[in-house]
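Taken together, the values in this text are just the output of simple stated rules run on the coordinates, not laboratory data. Predicted, not measured: the structure shown is a model, and the values here were computed from it. Neighbour counts are summed over all protein chains in view; Cβ atoms, including those assigned to glycine, are modelled from backbone coordinates with ideal geometry.
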Amino acid sequence: MQISSAALPDVLIIEPKVFGDDRGFFFESFNAKAFRDATGIKCDFVQDNHSRSARNVLRGLHYQIRQPQGKLIRVVQGEVYDVAVDLRKNSPSFGKWTGTILSAENKKQLWVPEGYAHGFVVLSETADFLYKTTDYYAPEFERSLLWNDPRLGIAWPLRGEPVLAAKDAAAKTWAEADFFS
């Protein structure tokens, strides 16, 4: 696998070694030892999640203020623009964001560490989005940061208005948000 930093140094883009021929392809999507050796990150994943969304569905920006989740993300069908925002007050990249395209075609994965808000918008007709988390979903600690807050200035590649869940439409602005120490 090949590891590179996204625009924020703690967010990593992971490109697996893909073996393909006229029958199709094979790649190892996760190997704990290889991940730890390549990134220096030792984590235990406790939950796998799978979502399917239609074009222009925007999910996020989500985080858990307690029981924060590190996420290892990939797209197995379709294409998304994936965004991570650093919410750690003591970080040099506090308040900054990075975005990258993840798709079934490019097979890239994204590591989003604890202390970040995360979201994505679907660019294809539909997208199947898979992610592993380092802690369990805890709805009582879940927070949503407003996807289009001008303070963040995220350049979402939208075609028209996004389709939002009620909780994302009512998300808090940067000025109202809870942050990590």
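Descriptive notes on the structure:
- Kirkwood hydrodynamic radius of region 91-175, Cα pairs, Å: 15.0
- Positive-pole candidate from V122, S103, A32, dipole of region 2-176, charges at beta carbon: A32
- Each Lys and Arg contributes +1 and each Asp and Glu -1, all at the Cβ; summed about the Cα centre of region 1-157, the dipole is approximately 340 debye.
- Other residues whose C-beta falls under 9 angstrom from the C-beta of Q109 contribute a net charge of +2, scoring Lys and Arg +1 and Asp and Glu -1.
- Note on the chain: along the principal axes its Cα atoms extend 51, 37, 28 Å, ordered by decreasing extent.
- Segments 149-162, 80-93, 108-121, 8-21 sorted - mean Cβ within 10 Å per residue, highest first: 108-121, 80-93, 8-21, 149-162
- Region 131-181 and region 38-55 have Cα centres lying 18 Å from one another.
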